[in-house]
Number of protein chains: 2
Amino acid sequence: MSNEHFVRNIASHDEEYSRWYTDVIYKAQLADWSLVHGCMVIRPYGFSLWENIQQLLDKRFKATGHQNAYFPLLIPESLLAKEAEHVEGFAPEVAWVTRGGQDDLEERLAIRPTSEAIIGETYSKWVQSWRDLPILINQWCNVMRWEKVTRFFLRTTEFLWQEGHTVHRTHEEAREEVLRMLGVYQDFVENELAIPVIAGQKTEQEKFKGALETFSIEAMMGDGKALQAATSHDLGQHFSSVFDIKFQDMDKEMKYAWTTSWGASTRLIGALIMVHGDESGLIFPPNVAPYQVVIVPIWRSDEEQAQVGAAAQQVQRQLGDFRVHYDGRDEYKPGWKFSEWEMRGVPLRIEIGPRDVAARQVTVVRRDTREKRQLPMDGLSATLGDLLREVQGDLLARARTFLSDNTVAASSLPELQEAIAARKFVWAHWCGRTQCELAVKEKTAATIRNIPFERDKAPGSCVNCGQPSTGPVLFARSY
Amino acid sequence: MSNEHFVRNIASHDEEYSRWYTDVIYKAQLADWSLVHGCMVIRPYGFSLWENIQQLLDKRFKATGHQNAYFPLLIPESLLAKEAEHVEGFAPEVAWVTRGGQDDLEERLAIRPTSEAIIGETYSKWVQSWRDLPILINQWCNVMRWEKVTRFFLRTTEFLWQEGHTVHRTHEEAREEVLRMLGVYQDFVENELAIPVIAGQKTEQEKFKGALETFSIEAMMGDGKALQAATSHDLGQHFSSVFDIKFQDMDKEMKYAWTTSWGASTRLIGALIMVHGDESGLIFPPNVAPYQVVIVPIWRSDEEQAQVGAAAQQVQRQLGDFRVHYDGRDEYKPGWKFSEWEMRGVPLRIEIGPRDVAARQVTVVRRDTREKRQLPMDGLSATLGDLLREVQGDLLARARTFLSDNTVAASSLPELQEAIAARKFVWAHWCGRTQCELAVKEKTAATIRNIPFERDKAPGSCVNCGQPSTGPVLFARSY
C-alpha cells in the first residue's frame, strides 16, 4: 500500500471535517461501535489517552484534597425524582432496569445519568456535625444517557467520566470549591491537552438541571464549533434540602449543607482529536499521547537489519522515561510506517538507518511541523525531553492562534448571523433574558457558550432586542 | 469515649466472626449499603485499598504485555445467549434494561455479568489474520449479578473487577497465557496482599460456565473458610466458534482462535479484612494499606502543642515516600486515636510527645505485634521503609502458619466431615466423578476448592465411593 493510498483512506480534514473525524478514529484504532446503539468500544490506543487523562486529572484532584470513592450504578426512580428540575432534565434520557434475575422489580431503577441523587442520599447519612465537613469526594465511572444521535466520544449512550461531589458548611466555601475545580480543569486542559479554553458562567437556560449556577470551560474545535470541555456546578442547597443533608453547626443550629459537583468525560478525547488533527490525521500533545515517540528502523539487507535493530533497541532502552513504541514489523516498509504513525498522531518519530548507526545519531521528525533533525545518540533522553516540551508548548500556541483568529465581535444580529455561519466564536451583547437567547439560537443555531470571566465590561445593547447589556457574551455553535 | 468502649463496639473476632466483619467495615468507614438491594458504596478509605490493588495489578498486567480497553456495559440478550452453557450459568442473575429514554426496547439488554459475549463479538471484527494475534486486553469495570443474599465486598449485586480477555493462534499459547495470569495473581496476592494461596484446577462442576477449564487461587480466611481470590479460564474454542473469531493462519487455512479470560474483583478487599484482622479490628499489609503510617502528636499544654506539632510536621515531610496521615484533631485524646487507627488497620503508628521532641526521636508502634520502639528522627525514612517491609513479610508468614495449622488430611468421609466442621482445609482423595463431589457437598457443605498443582500424587481411594483416586484434592467450605 503506498503512502498516498493510505492517507487517501481518510476524508479531507479541511473539506469534510465530520467524516475526517470518524475516519481517523477508525483508522487509528481509537474506538469502534458495538451492537448496542450508541455504545462505543474504546480500543487500547484510545483508552491509553483516557488513562493518561485520568492520571493527570486524578493527581490534581488529590493535590486539592479530594479522595476517590465508588457509588452504585443504579438509582431508584423515586430517588432520582426528588429534585424536580433534575429529574425533568435527565428522565427523558434514562435507561431503566425493570427486571433483576427472575423477578420484575417493584420500582424501576435508572442507570445513573449522573450521581447527584444517589450520592446526596448517601451523604445525608454521613453528615451530622460541622466537624464532618467538608466532604471532598470524586468518582471515576461509567454513566448512561439514551441518545438518539450519537458520535464517537462526543455523544455516546454510555460514556466514562469523573464526577466530583462535595459538601460544605457555608455557601462561600462551596463557591470557592466550584471555582477552584473549574481552575483545575482549565489548567489541565490547557497545559496537558494543549487546548486553550474560555472560562465563564453558563446562562440560566444552559446550566445543569438542578444547579444554582453552572460554570464551564469552552474550547474551539478545528471547524470553529465550541465544545464544553468541563463543568463545575454550585448546587446551592437544592440537593441538600431534598436529600436532607443537614448538620449541627458550631452555633448548635441545624443547617442544610451546601453542595457542588463537577465533571469531565471521554468527550475530552474528541476535543483532542478535533483541536490538533490535520490532513494527515491525528496529532497528540506529548503529555497525553499514547506513544510519545515511535522508533522506525530502516534497513535493506539482513546484515543492516541486525545492526540497525541492535542500535534501535539500545536507543529504546535509553528512553525509558518516555512512552516509546518500537515498530519492528517486517511486513511493512518504513515509508508506510511513517504515514501510519503520522496518522496515529505520535508527536516524534525516530528513524534509524545504517548511516545513522555509523554516525551514532538518529533522525527525529516532529509530527506537528514535520521538521527533521539529526540528534546524537548520546544524551538523547535529555534532548528528546526538551523537544517534547517544545512540541507541547507549540501545539498550545498554535491552538491559541487559531482561537483568536476565529473569534470576532458582532454588534448586530445580521453580523452575528454572518459570523456564526462563518464558524466563528462571536462576542456580542445580550440583555440577560432567556427569550433573547432562544431567539438568537433559533435564528443562528448558536447558543451562549458562557458569560466569560474575562470580558470587556463596557455596556452595550442586546443584539436581539436592543435593550441594555452589561458586556458581551460568547456565542457559538457547539457539539 | 474510652478505648474500651470504642473497641467494644466491634463484635468479637474469635466468637462472632461474621458480625465482626460487618462491624469493622462500618466502623472503619470502608463501605456502606445503598438504597438498592445489595449495591454497596465503597467509601474513600475502602476505595483507597482498591486503588492500590488496581495500581499493583495493572503494573503486572502491563509488564506481561497487556493493554487496557473499555467495552460496553450492555449486552443484547441474543448475544449473551449464543454460548449455551454461558447463558445458562449467568442468565438467572442478570439485571435487564427494558426501556431506554421514552421507548420500550425491542430486545432487552443485560447489564454485563461478565463480558465474554460482547468482547467475543467485537474481537470477531478485529481478527482476520495470524498477524492480528495475540490480542492481549484487560478492562477495569463494574459488573452486576442479581444476588439474593449479599455481604460487603464478598457478594454484592454490583461489584468492581478487572477482566482480561485474550485471543491466541494456538491452544498451547492460550494455555500458557492462562497459567501465566494465574501466576501473576498468585504473585500479587501473596506478595502485596500478604495472603498465601493454593493454585490449582477447578473441577468440571466448579468451573466457569462456558470454559474448557478453569484455574483458581484459593485463600483461607480467618474462620477457616476458603475464598476464591482469582480465576483464569482456558475458554478453548467455545467462544471463538460461537462468536466467529476466525483467522487466516500462516498456512493460509482459516481457523478458529483460542481465547482466555481471567479476573479478580473487590472480593480481594474482603479477603484482606478477613485474613489479617484481629480482636482490635483491621490490619492492612503495608503494600496496599490506605495509610502506611499515622502520626499522632501528644501534648498537654498549648506550648507543647506548638512544639510537638512543628516536629510532627517535620517528620511527615521526611516521609514523603510513604502514605502518611497526620492526625492533628484536637477533639480526641491520643489514646482514643490509638484505638481508632488500630481498628482501621494502619500498619505503623508514630507517637510524638515533648520527650520525643527533646530526644530527637519518635515512638513507633507496630499494629500487628504492638511492639513499640524508639527510633531517631534522623534517617527515619530508611528505618521505616525497612520496618514496613518487615511487617509485610511477617503478615504473610503469620498467614502461612495459620493456613498450614488449619489444613489436615482425611482418609474417610467421617474424618472429612469432622475436619470440615472444625473449619479446616482438608486434603482427601476423590475419584474424579461429579456425583461424589456433590454427595460430599451435601453431607459436609464443603466443595472441592481446586485440584492443587502441588499435591501428593500417591494413589488412594475416594472418600465417598472408595474407587481409585490419583491423588488428594482440596475440600473446604467457602465464601
Shortest first, in nm, what separates the label point of residue A:302 from those of the same position in the other copies (7 Å along Cα→Cβ)? 8.7
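If you build the Cα gyration tensor of the range A:3-276 and take the root of 5 times each eigenvalue, what three semi-axes come out, in whole angstrom, biggest first?
Details: eigenvalues 244, 105, 48 Å².
Semi-axes, largest first: 35, 23, 15 Å.
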Of the options A:258, A:212, A:358, report the single residue whose Cα projects farthest towards the positive end of the charge dipole of chain A (beta-carbon charges: Lys, Arg +1; Asp, Glu -1). A:358
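Please report the relative contact order for chain B, taking Cα pairs under 8 Å with a sequence separation of at least 6, and give it as a percent rounded to a whole number.
On the way: 969 pairs, mean separation 65.8, N = 479.
So the answer I get is 14 percent.
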List every residue whose amide H lies under 5 Å from the amide H of residue A:31, counting only residues 5 or more places away in sequence or on a different chain, with H placed 1.01 Å from N in the peptide plane. A:43
Considering amide H positions built from the backbone, and no H for Pro or chain starts, which residues 5 or more places from residue A:461, or on another chain, come under 5 Å of its amide H? A:469
Which percent, nearest 5, of DSSP beta bridges in chain A are antiparallel? 80 percent
Over the range B:1-108, relative contact order from alpha-carbon pairs under 8 Å, at least 6 apart, %: 11 percent
Counting Lys and Arg as +1 and Asp and Glu as -1, each charge on the Cβ, what is the dipole of the range B:7-276 about the Cα centre in debye, to the nearest 20? 500 debye
Global geometry of the range B:46-182, whether rounded, prolate or oblate, following the gyration tensor of its Cα atoms and the 1.5 cut on a/c: oblate
Cβ-based net charge around residue B:170, under 15 Å, with every Lys or Arg adding one and every Asp or Glu removing one: -3
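Provide the percentage of antiparallel DSSP beta bridges, counting only those with both residues in the protein assembly as shown; round to the nearest 5.
Numbers: 147 of 179 bridges.
If we restrict to bridges inside the protein assembly as shown, about 80 percent are antiparallel.
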Any chance you could tell me what percent of the C-alpha pair distances in the range B:293-402 go past 19 Å? 43 percent
Around residue A:349: net Lys/Arg minus Asp/Glu count, Cβ-Cβ under 9 Å: +1
Nm distances between the label at residue A:191 and the same-position labels in the remaining copies, 7 Å along Cα→Cβ, shortest first? 3.5
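Would you mind checking the pairs B:225/B:337; A:62/A:209; A:27/A:207; A:27/A:333 and listing those with alpha carbons more than 25 angstrom apart?
On the way: B:225/B:337 32 Å; A:62/A:209 27 Å; A:27/A:207 36 Å; A:27/A:333 18 Å.
Flagged as over cut-off: B:225/B:337; A:62/A:209; A:27/A:207.
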What number, rounded to the nearest 500 deg cm²/dmol, is the helix-based mean residue ellipticity at 222 nm of the protein assembly as shown, given -39500 (n - 2.57) per DSSP H run of at least four residues and division by all its residues? -11000 deg cm²/dmol
Heads up, I need the accessible area for residue A:123: 1.4 angstrom probe, whole protein in place, Å², nearest 10. 10 Å²
In terms of Cα to Cα distance under 16 Å, which aspartates and glutamates are near enough to residue B:202, apart from those fewer than 8 places away along the same chain? B:213, B:218, B:234, B:437, B:454
Any idea what angle helix B:116-126 forms with the longest principal axis of chain B, computed on alpha-carbon atoms, 0 to 90 degrees, nearest 10? 70 degrees
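Could you pull out the longest piece of chain B with no exposed loop GluC sites (Glu not before Pro) in it, calling a site exposed if DSSP puts it outside H, G, I, E, B and it has at most 16 other Cβ atoms within 10 Å? Present the calculation step by step, with values, prior to reporting the outcome.
Values: sites that count: B:15, B:16, B:204, B:253, B:279, B:331, B:371, B:454.
Result, exposed sites excluded: B:17-203.
Remind me, relative contact order of the range B:129-275 in percent, using alpha carbon pairs under 8 angstrom and six or more residues apart? Numbers along the way, then the final one.
Working: 292 pairs, mean separation 40.2, N = 147.
Relative contact order, the range B:129-275: 27 percent.
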Of the residues A:166, A:127, A:324, the Cα lying farthest along the dipole of chain A towards its positive end, which is defined by charges on the beta carbon of Lys, Arg, Asp and Glu, belongs to A:324
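Using a/c under 1.5 as the rounded threshold, could you call chain A rounded, prolate or oblate? The axes a ≥ b ≥ c are square roots of the C-alpha gyration tensor eigenvalues, and prolate needs a/b larger than b/c, oblate otherwise. Provide the component values of the computation, followed by the final result.
Details: a/c = 1.99, a/b = 1.57, b/c = 1.26.
Prolate is the answer for chain A, as a/c is 1.5 or above and a/b outweighs b/c.
Return the ratio Rg/(2.2 N^0.38 Å) for the protein assembly as shown, where Rg is computed over Cα atoms only.
Details: Rg = 30.2 Å, N = 958, 2.2 N^0.38 = 29.9 Å.
Here the Cα radius of gyration is 1.01 times the empirical estimate.
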Under the 7 Å Cα-to-Cβ spin-label approximation, residue B:191 and residue B:389 lie apart by a distance in nanometres of 1.3 nm
Can you compute the modelled spin-label distance between residue A:15 and residue B:151, with each label point 7 Å from Cα toward Cβ, in nm? 6.7 nm
I'd like the accessible area for residue A:104, computed on protein heavy atoms only with a 1.4 Å probe and all protein chains in place. Round to 10 Å², please. 110 Å²
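Once the other residues with Cβ under 11 Å from the Cβ of residue B:87 are scored (Lys, Arg +1; Asp, Glu -1), what is the net sum?
My count for the surroundings of residue B:87 gives -3.
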Estimated distance in nm for a label pair at residue B:254 and residue B:457, the labels positioned 7 Å out from Cα along Cα-to-Cβ: 4.3 nm
Angle between chain B longest axis and helix B:380-405 axis [Cα atoms, degrees, rounded to 10]: 50 degrees
Relative counts (whole %) of C-alpha pair distances in the range A:345-479, using bins that are 10 Å wide: 11, 30, 16, 13, 14, 11, 4, 0
Within 10 Å of the Cβ of an average residue in B:73-80, the count of other chain Cβ atoms is 4
List, shortest first and in nm to one decimal, how far the label point of residue A:369 (7 Å from Cα along Cα→Cβ) is from its counterparts in the other copies. 6.1
Angle, helix A:334-343 long axis vs. longest principal axis of chain A, Cα atoms, 0 to 90°, nearest 10? 10 degrees
If you line up the Cα atoms of the range B:407-476 on their principal axes, what length do they span on each, largest first, in Å? 26, 23, 17
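The values are calculated or read from the model by the stated rules, or taken from the named source; none is laboratory data. In this text the structure is predicted, and so the values were computed from the model without any measurement. No Cβ is skipped: glycine too gets one built from the backbone with ideal geometry, and neighbour counts run over all protein chains shown. Side chains are part of the model used for accessible areas, which takes the heavy atoms of the whole protein and leaves out ligands, DNA and RNA. Shrake-Rupley method; radii C 1.70, N 1.55, O 1.52, S 1.80 Å.
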